[in-house]
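Colleague: Structure incoming, see below.
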Amino acid sequence: MLETHLIPRVKQNNSKQFNLFENPVIPIQTEGIKYSGSKLKLIPYILSVVHSLPVKHIFDGFSGTTRVSQALAKCDYQVTANDLAIWSKVFGECYLKGKKSKSLQEKINYLNNLKGYEAWFSQHYGGKARGGLSLHPDGKKKIWQIHNTKKLDAIRPEIDKVAENSFEKSILLTSLILALDKVDNTLGHYASYLREWAPRSFNTMNLLMPLTEKKSNHHKVMNKDIFQALRKVKADLSYFDPPYGSNNEKMPPSRVRYASYYHIWKTICLNDEPELAGKTNRRVDCNDKTAGSIFEEFRKNKKGKFIALTAIERLIKECPSQYILLSYNNGGRATKEEICAIISKQCKKAQIFSIDYKRHVMSGMRWTHDWTKSNEGKNKEFLFLMEK
């Protein structure tokens, strides 16, 4: 999915309240898959804050689909993208380190022209349109129609053969994932599939050249646990968008697990034909107990403090960057007030920005040690800017 963002040209803005759309803008393009919790709409606001700071090297600690990393790179920042998910590493190598070439385009054309056949992916994830229902003879709902999984079965092993290096492989895998994302039968994640075929699932997938970054030599891509990565990276600013543990007391922890939500992309990257389980044929190694993030944790520790909140506290404490920018939604396990309390103990100054998408406004709140509680309403996004 290709998106164009309108980014303000201003480099300095010290006002506590400002409207991005009152400033001259430049178009920035990023692309990626459908993703729960995506910061796609937040990118202009993130860049507006970053532009106001004297920073050059930025660490994106939970890069996910790499939308934010892509945008930062296109604004000439040096970017280090990190995520524990293997498919995020693939995206990072594609968008930050990969380079377009005539040879790569020829390989994409070759992959598109391969004749499909039924193999492992078709067996587990391909279904036929029977009365409009997305069912397989095994009775399970499926992600894709069989004509697209046959193409997937043909293309995936061939990528390993034609790619000359890891960066070429990442570009070709990204192209494949983007193509599959456009013809899937889901609501944007892979914890459940639609019973009736989505109109897009009838289309035939087509691989295209991804939007690789032209200035790729100075960017880095990491595939580490965030606390391991913090010991390796040196950056002027660290941007954190950790996965959220839900603040809904009635919601079990198994409902919010990104490893579980996007298990299929791990399988496509590794092509390892893993052991599967459940109605959605999810990877066994992506189950909630073994693959969940500490930031998604629903429970409290022995001291009665939410584990997700203690993880955020540790994240801020161990971050070596002078500036930290944390994005968080009011639907997360940690509340705004709790995050503010952590910041006030560890940072010499900070500022919160509350995002109102309907009015296209980012409003600055009060500085550290003078926080105010307020009724923020539903689905609020916050940017916490800190200076250590």
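Colleague: Out of all the residues in region 30-46, which are farther than 22 Å from Leu207 by Cα and assigned to a loop (DSSP other than H, G, I, E, B)?
Modeller: Hits for region 30-46 are Ser36, Gly37, Ser38, Lys39, Leu40, Lys41, Leu42.
Colleague: I want to confirm something. Restricting to region 104-119 and keeping residues that are of a type outside the set (A, V, I, L, M) and either crowded, with 16+ Cβ neighbours inside 10 Å or at pLDDT below 95 (or both), which single residue is nearest to Asp285 (Cα to Cα)?
Modeller: Per the criteria, the residue is Gly116.
Colleague: Counting only residues that are modelled with pLDDT under 65 and touching a helix residue (DSSP H, G or I) at 6+ places or on another chain (Cβ under 6 Å), which one in region 334-368 is most open to solvent (accessible area, probe 1.4 Å)?
Modeller: His360
Colleague: Can you pull out every residue in region 179-238 that is among the small types (Gly, Ala, Ser) and touching a strand residue (DSSP E or B) at 6+ places or on another chain (Cβ under 8 Å)?
Modeller: Ala191, Ser192, Ser201, Ala229, Ala235, Ser238, listed by residue number.
Colleague: Does Gly377 satisfy being at pLDDT below 70, open to solvent by less than 30 Å² (accessible area, probe 1.4 Å) and of a type in the set (Gly, Ala, Ser)?
Modeller: no
Colleague: Which residue out of Gly127, Gly132, Gly98 is touching a His at 6+ places or on another chain (Cβ under 8 Å), open to solvent by less than 50 Å² (accessible area, probe 1.4 Å) and either over 30 Å from Asp76 (Cβ atoms) or modelled with pLDDT under 95 (or both)?
Modeller: That would be Gly127, the only listed residue that is touching a His at 6+ places or on another chain (Cβ under 8 Å), open to solvent by less than 50 Å² (accessible area, probe 1.4 Å) and either over 30 Å from Asp76 (Cβ atoms) or modelled with pLDDT under 95 (or both).
Colleague: Now a separate question. Show the residue pairs that are 6+ apart or on different chains and have beta-carbon atoms under 9 Å apart, the first residue being within region 317-333 and under 17 Å from Glu381 (Cβ atoms) and of a type in the set (Lys, Arg), the second being surrounded by 16 or more Cβ atoms within 10 Å (Cβ to Cβ) and at pLDDT 85 or above.
Modeller: Arg333/Leu309
Colleague: Something else: For Leu172, all conditions in the list (1) under 18 Å from Lys102 (Cα atoms); (2) at pLDDT below 95 hold save one; what is the number of the exception?
Modeller: With (1) under 18 Å from Lys102 (Cα atoms); (2) at pLDDT below 95 applied to Leu172, the lone miss is (2).
Colleague: For region 234-282, name all the residues that are modelled with pLDDT of 90 or more and of a type in the set (A, V, I, L, M, F, W, C).
Modeller: Those that are modelled with pLDDT of 90 or more and of a type in the set (A, V, I, L, M, F, W, C): Ala235, Leu237, Phe240, Ile264, Trp265, Ile268, Cys269, Leu270, Leu276, Ala277.
Colleague: If you check Trp371 against the conditions, is it exposed (fewer than 14 other Cβ atoms within 10 Å of the Cβ) and either at pLDDT below 80 or not hydroxyl-bearing (Ser, Thr, Tyr) (or both)?
Modeller: For Trp371, the condition - exposed (fewer than 14 other Cβ atoms within 10 Å of the Cβ) and either at pLDDT below 80 or not hydroxyl-bearing (Ser, Thr, Tyr) (or both) - is not met.
Colleague: Quick one: which residue in Leu315, Leu385, Leu309 is on the phi < 0 side of the Ramachandran plot, assigned to a strand (DSSP E or B), aliphatic (A, V, I, L, M) and at pLDDT 85 or above?
Modeller: Being on the phi < 0 side of the Ramachandran plot, assigned to a strand (DSSP E or B), aliphatic (A, V, I, L, M) and at pLDDT 85 or above holds for just one of Leu315, Leu385, Leu309, which is Leu385.
Colleague: Pull up region 187-219, narrow it to residues that are at pLDDT 95 or above and hydroxyl-bearing (Ser, Thr, Tyr), then point me to the one that is least open to solvent (accessible area, probe 1.4 Å).
Modeller: Within region 187-219, the match that is least open to solvent (accessible area, probe 1.4 Å) is Ser201.
Colleague: Among (1) open to solvent by less than 10 Å² (accessible area, probe 1.4 Å); (2) modelled with pLDDT under 95; (3) part of a helix (DSSP H, G or I), which single condition is Phe167 missing?
Modeller: (1)
Colleague: May I ask you to verify whether Thr174 is open to solvent by less than 10 Å² (accessible area, probe 1.4 Å) and touching a Pro at 6+ places or on another chain (Cβ under 6 Å)?
Modeller: yes
Colleague: Out of the residues in region 57-88 that are within 20 Å of Arg257 (Cβ to Cβ) and among the aliphatic types (A, V, I, L, M), which is least open to solvent (accessible area, probe 1.4 Å)?
Modeller: Ala85
The values are calculated or read from the model by the stated rules, or taken from the named source; none is laboratory data. This one's a predicted model, so the numbers in the text were calculated from it and none came from an experiment. Every residue, glycine among them, receives a Cβ derived from its backbone with ideal geometry; neighbour counts consider all protein chains shown. Calculation scope for accessible area: heavy atoms of the full protein, side chains included, ligands and nucleic acids excluded. Shrake-Rupley method; radii C 1.70, N 1.55, O 1.52, S 1.80 Å.
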